[in-house]
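The values are calculated or read from the model by the stated rules, or taken from the named source; none is laboratory data. Computed from a predicted model, the values in this text were never measured in an experiment. Counting neighbours? That spans all protein chains shown, and the Cβs are built from the backbone with ideal geometry, glycine included.
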Amino acid sequence: MRPSSRLSLTQQNALLLVVFFIAFELVTAAATAYFLMLPMARRSAADLAGLMTLSAQTWSELPPVTRPAFEIELARSHALALRAEPPQDAEPPSWREPYLNFLVASLSVRVGTPVAASREEIQGNGNSGQ
């Protein structure tokens, strides 16, 4: 006698359950990313863009004598570095994360002109600023 190549009823049900569980996990992950994580990233990027523009406005209104103290506090408290001029040897950004794209878009909206993003190594510690 030949062994049957058909799946038993138990095997068919197990396979069907596996397919449905995988499909459910994919739909849940996609819904979580779309309805929870992306809006949270947009809001967080808008908040950071607000902090960056407010910091730049505050820095420009400060007397030159007090600017270094403000820059130190901004770097210590928020890990932000202000530049009067764009970096000379800045590399183009190599990121593709949605958060950083949202940040550039939010900065462009707040400033009213397109913002160019760049990557710069700060203090030789391997960390890169955007």
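Out of Leu16, Leu9, Leu38, which single residue is surrounded by 10 or more Cβ atoms within 10 Å (Cβ to Cβ), free of Cβ contacts under 8 Å to residues at least 60 places away in the same chain and out of contact with any Pro (no Cβ under 6 Å at 6 or more places or on another chain)?
So the residue among Leu16, Leu9, Leu38 that is surrounded by 10 or more Cβ atoms within 10 Å (Cβ to Cβ), free of Cβ contacts under 8 Å to residues at least 60 places away in the same chain and out of contact with any Pro (no Cβ under 6 Å at 6 or more places or on another chain) is Leu16.
For the range 63-96, give me each residue that is without any contact (Cβ under 8 Å) to a residue 40 or more places away in the chain, part of a loop (DSSP other than H, G, I, E, B), surrounded by 10 or more Cβ atoms within 10 Å (Cβ to Cβ) and on the phi < 0 side of the Ramachandran plot. Spell out the reasoning first.
Initial filter on the range 63-96 (without any contact (Cβ under 8 Å) to a residue 40 or more places away in the chain): 63-80, 82-96.
Narrowing further to those that are part of a loop (DSSP other than H, G, I, E, B): 63-66, 79-80, 82-90, 92-96.
With surrounded by 10 or more Cβ atoms within 10 Å (Cβ to Cβ) added as a condition, the list becomes 66, 79-80, 82-83, 87, 90, 93, 95.
Of everything in the range 63-96, those that are without any contact (Cβ under 8 Å) to a residue 40 or more places away in the chain, part of a loop (DSSP other than H, G, I, E, B), surrounded by 10 or more Cβ atoms within 10 Å (Cβ to Cβ) and on the phi < 0 side of the Ramachandran plot turn out to be Thr66, Leu80, Leu82, Arg83, Pro87, Ala90, Pro93, Trp95.
Which of (1) modelled with pLDDT of 95 or more; (2) of a type in the set (A, V, I, L, M); (3) in a loop (DSSP other than H, G, I, E, B) is the odd one out, the single condition Ala46 does not satisfy?
Of the numbered conditions (1) modelled with pLDDT of 95 or more; (2) of a type in the set (A, V, I, L, M); (3) in a loop (DSSP other than H, G, I, E, B), the odd one out for Ala46 is (3).
Would it be correct to say that Ala79 is touching a strand residue (DSSP E or B) at 6+ places or on another chain (Cβ under 9 Å) and farther than 15 Å from Ala117 by Cβ? Step through it out loud before you land on a result.
Numbers: touching a strand residue (DSSP E or B) at 6+ places or on another chain (Cβ under 9 Å): yes; farther than 15 Å from Ala117 by Cβ: yes.
Criteria met by Ala79.
Residue under question is Ala56, and the condition is that it be small (Gly, Ala, Ser), more than 14 Å from Arg119 (Cα to Cα), assigned to a helix (DSSP H, G or I) and in contact with a Lys or Arg (Cβ under 7 Å, 6 or more places away or on another chain); does it hold? Even if it seems obvious, please write down each step before you answer.
On the way: small (Gly, Ala, Ser): yes; more than 14 Å from Arg119 (Cα to Cα): yes; assigned to a helix (DSSP H, G or I): yes; in contact with a Lys or Arg (Cβ under 7 Å, 6 or more places away or on another chain): no.
Against the criterion (small (Gly, Ala, Ser), more than 14 Å from Arg119 (Cα to Cα), assigned to a helix (DSSP H, G or I) and in contact with a Lys or Arg (Cβ under 7 Å, 6 or more places away or on another chain)), Ala56 does not qualify.
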